[in-house]
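Here's the structure, in structure tokens; my notes come after.
The values are calculated or read from the model by the stated rules, or taken from the named source; none is laboratory data. Everything quoted here is computed from the prediction, not taken from an experiment. Here the Cβ positions follow ideal geometry from the backbone for every residue, glycine too, while neighbour counts run over all protein chains shown.
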Amino acid sequence: MIIKSQSKIKDNENGLYLVSTPIGNLKDITLRAIETLKKSTYILCEDTRVSRILLNRYEIKSRLISNHKFNESKNLSKIMDLLKSGETISLISDAGTPGISDPGAILLNECVRNNIKITPIPGPSAVAAAVSMSGFSEKFIFYGFLPEKKQALVSVFNKISKFDETCVFFVSSKKVNKIIPELKKIFSGRKIIFCREISKIYEEFIRKNVDDLEIFNKELKGELTIVISEKKNNKNHSQELSESDINIIKKMINKLTIKEITEIISQYNDISKKEIYNYCLKIKKY
């Protein structure tokens, strides 16, 4: 990574700034984000009531314009006129990075068409936070919010499950129980983490094997970031059992069940469980 010296980073130009805001803990905002919001003439936000909590905390007095998915098209002409006149405008979401499963694409594309300078101000991201603490592969596929209808949901799961990489998506806690049966069918053999209230007081990370998932018997509040592990590498599954593996199996065959032996041996190499299981059956007969 090449990092420019501070003197060469221009934060005083007019245009549109995409400012990342905390996803929970208000202390997670960056100094650069605060400076940018303070110098902005206008701040576009989803819910002015939510944004004022953050802005009041850091004594940011810029004027707010409500800009959410139901009015962003209607606002477009007015905002573009302000940008063309030389105003400095920041776009924020209720939490996290603008444009990531939040409004912003319509305005961004119009700015591109009109050569309006766009500057991202990096910061908090539920996706980055969840993947970083998962322990899964850092190569990941991010979908965003899952569709409502079952047919569409199954279609999405079938598509993203074909990738070898870690999979990440958002879901409302009220709908999480509805997707569990489909998760078990389509992502069998993988691990999963439910990330709830990231960086907040009741932050919680629930780690499970997908095959062991059960319906939650208590309601999980808020939006969940779900991370599913990468596919297990199967490229060496045709590999034969080593002499060492065979000796270990022979020592355990009369002490443990075939299922238990299969689980133990498969943890330490890439041999398929089917091959281990069949070998155990074979020697069990003698």
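Name the one entry in Lys139, Lys149, Lys174 that is of a type outside the set (Val, Ile, Thr), outside the structural domain of Ile43 (by TED's automatic domain parsing) and within 15 Å of Leu224 (Cα to Cα). Write out each step before concluding.
Values: Lys139 fails: within 15 Å of Leu224 (Cα to Cα); Lys149 fails: within 15 Å of Leu224 (Cα to Cα).
Only one candidate passes the filter, namely Lys174.
For the condition under 18 Å from Phe142 (Cβ atoms) and either among the hydroxyl-bearing types (Ser, Thr, Tyr) or buried (at least 16 other Cβ atoms within 10 Å of the Cβ) (or both), what is the one hit in Glu197, Glu165?
Values: Glu197 fails: under 18 Å from Phe142 (Cβ atoms).
When all the criteria are applied, what remains is Glu165.
Answer with yes or no whether Ile121 is buried (at least 19 other Cβ atoms within 10 Å of the Cβ), farther than 18 Å from Gly24 by Cβ and modelled with pLDDT of 95 or more. The answer is yes for Ile121.
This table checks each residue for (1) modelled with pLDDT under 90; (2) farther than 19 Å from Ser188 by Cβ; (3) surrounded by fewer than 15 Cβ atoms within 10 Å (Cβ to Cβ); (4) touching a strand residue (DSSP E or B) at 6+ places or on another chain (Cβ under 8 Å).
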| residue | (1), (2), (3), (4) |
| --- | --- |
| Glu203 | no, yes, yes, yes |
| Asp211 | no, no, yes, no |
| Ile215 | no, no, yes, no |
| Lys232 | yes, no, yes, no |
| Ser244 | yes, yes, yes, no |
| Ser266 | yes, no, no, no |
| Asp270 | yes, no, yes, no |
| Lys273 | yes, no, yes, no |
| Lys282 | yes, yes, yes, no |
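Scoring Ser5 on the criteria (1) modelled with pLDDT of 95 or more; (2) of a type in the set (Gly, Ala, Ser); (3) surrounded by fewer than 15 Cβ atoms within 10 Å (Cβ to Cβ) leaves a single failure, condition (1). Consider Val171 carefully, then state whether it is surrounded by 13 or more Cβ atoms within 10 Å (Cβ to Cβ) and either among the charged types (D, E, K, R) or closer than 20 Å to Thr97 by Cα (or both). Against the criterion (surrounded by 13 or more Cβ atoms within 10 Å (Cβ to Cβ) and either among the charged types (D, E, K, R) or closer than 20 Å to Thr97 by Cα (or both)), Val171 qualifies.
For the range 180-200, the criterion of being touching a Lys or Arg at 6+ places or on another chain (Cβ under 6 Å) and either among the basic types (Lys, Arg) or at pLDDT below 95 (or both) is met by no residue.
Please verify whether the range 270-277 includes one or more residues that are of a type in the set (Asp, Glu), free of Cβ contacts under 8 Å to residues at least 24 places away in the same chain and not in a loop (DSSP other than H, G, I, E, B). First the steps, then the outcome.
Here is the first cut: in the range 270-277, the residues of a type in the set (Asp, Glu) are 270, 275.
Checking which are free of Cβ contacts under 8 Å to residues at least 24 places away in the same chain leaves us with none.
No: zero hits.
Every condition in (1) without any contact (Cβ under 8 Å) to a residue 60 or more places away in the chain; (2) in a strand (DSSP E or B) is met by Thr119 except one, and the failing one is (1).
For the range 103-115, does any single residue satisfy the condition of being closer than 25 Å to Leu224 by Cβ, assigned by TED's automatic domain parsing to the domain that holds Ile79 and in a loop (DSSP other than H, G, I, E, B)? Show your work before the answer.
Narrowing the range 103-115 to residues closer than 25 Å to Leu224 by Cβ: 103-105.
The next check asks that each one be assigned by TED's automatic domain parsing to the domain that holds Ile79; those that pass are 103-105.
Now drop any that are not in a loop (DSSP other than H, G, I, E, B), which leaves 103-104.
Scanning the range 103-115, I find at least one residue that is closer than 25 Å to Leu224 by Cβ, assigned by TED's automatic domain parsing to the domain that holds Ile79 and in a loop (DSSP other than H, G, I, E, B), so the answer is yes.
Apart from one condition, Arg113 fits all of (1) surrounded by 18 or more Cβ atoms within 10 Å (Cβ to Cβ); (2) at pLDDT 95 or above; (3) more than 30 Å from Phe194 (Cβ to Cβ); the exception is (1). The single condition from (1) over 23 Å from Leu224 (Cβ atoms); (2) outside the structural domain of Ile43 (by TED's automatic domain parsing); (3) crowded, with 21+ Cβ neighbours inside 10 Å that Leu91 fails is (2).
Restricting attention to the range 122-137, and to residues there that are in a loop (DSSP other than H, G, I, E, B) and in contact with a Lys or Arg (Cβ under 9 Å, 6 or more places away or on another chain), which single residue is nearest to Lys78 (Cα to Cα)? Ranking the candidates gives Pro122 first.
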